[in-house]
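Colleague: This structure is in structure tokens; I'll ask about it shortly.
Laboratory data are not the source of any read-out in this text; all were calculated from the coordinates shown. Nothing here was measured: the structure is a model prediction, and the numbers come from that model. Note that we place each Cβ from the backbone using ideal geometry, even for glycine, and neighbour counts take in every protein chain shown.
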């Protein structure tokens with residue numbers, strides 16, 4: 001890939017890779033969508049759900065504003081994610097009380 005380029009160049013590059021083509025076929029067979037932006041979506045998901053990072057931190061790491069971040073990624077924040085976040089927060093508070 002050419003240094004200093006991104007976006008469309010990345011998409012063009014990755015679509016030509018044999019592994020990407022294989023993964024794309026597998027996703028299609030399952031009725032799922034795989035696009036180059038799936039990498040960014042996965043990063044955002046892991047940063048929030050697995051690493052428990054706040055939106056402001058993840059937005060900064062991804063190079064956009066909190067507003068842009070929330071507009072793009074909050075739609076994947078279902079009730080289960082909200083419930084889990086509050087359960088983790090509650091456990092943290094309980095640990096703080098025990099100290």
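Colleague: Beta carbons within 10 angstrom, averaged per residue: use that to sort the peptides 89-99, 15-25, 48-58, highest first. Kindly include the intermediate steps, with their values, before the conclusion.
Modeller: Details: 89-99: 8.6, 15-25: 11.5, 48-58: 14.0.
Output ranking for 89-99, 15-25, 48-58: 48-58, 15-25, 89-99.
Colleague: Still on this structure, please answer the following. Could you work out how far apart the two model spin labels at residue 97 and residue 13 are, taking each label as a point 7 Å from the Cα in the direction of the beta carbon, and quote it in nm?
Modeller: Each label point is offset 7 Å from its Cα along the Cβ direction, giving 5.1 nm.
Colleague: Also, I was wondering about something else. Return the FRET efficiency for the residue pair residue 35, residue 71: r is the Cβ-Cβ distance, R0 is 25 Å, and the value is rounded to the nearest 0.05.
Modeller: Given R0 = 25 Å and the Cβ-Cβ separation, E is 0.90.
Colleague: Given a cut-off of under 8 Å on Cα pairs at least six residues apart, what relative contact order in percent is computed for the chain?
Modeller: 13 percent
Colleague: Also, I was wondering about something else. Taking a point 7 angstrom from the Cα of residue 82 along the C-beta vector, which residues in segment 24-53 have backbone N less than 17 Å away?
Modeller: Only 49 fall inside the zone, counting backbone N under 17 Å.
Colleague: What's the extension gain from residue 28 to residue 45 if we count 0.36 nm per residue and subtract their Cα-Cα distance?
Modeller: 4.0 nm
Colleague: Suppose only helical runs count, i.e. DSSP H with n ≥ 4. What mean residue ellipticity at 222 nm does that imply for the chain under -39500 (n - 2.57) per run, divided by all residues and rounded to the nearest 500 deg cm²/dmol? Don't skip to the end; give the middle numbers.
Modeller: On the way: 6 runs with 64 residues, N = 99.
Using -39500 (n - 2.57) per qualifying helix, the result is -19500 deg cm²/dmol.
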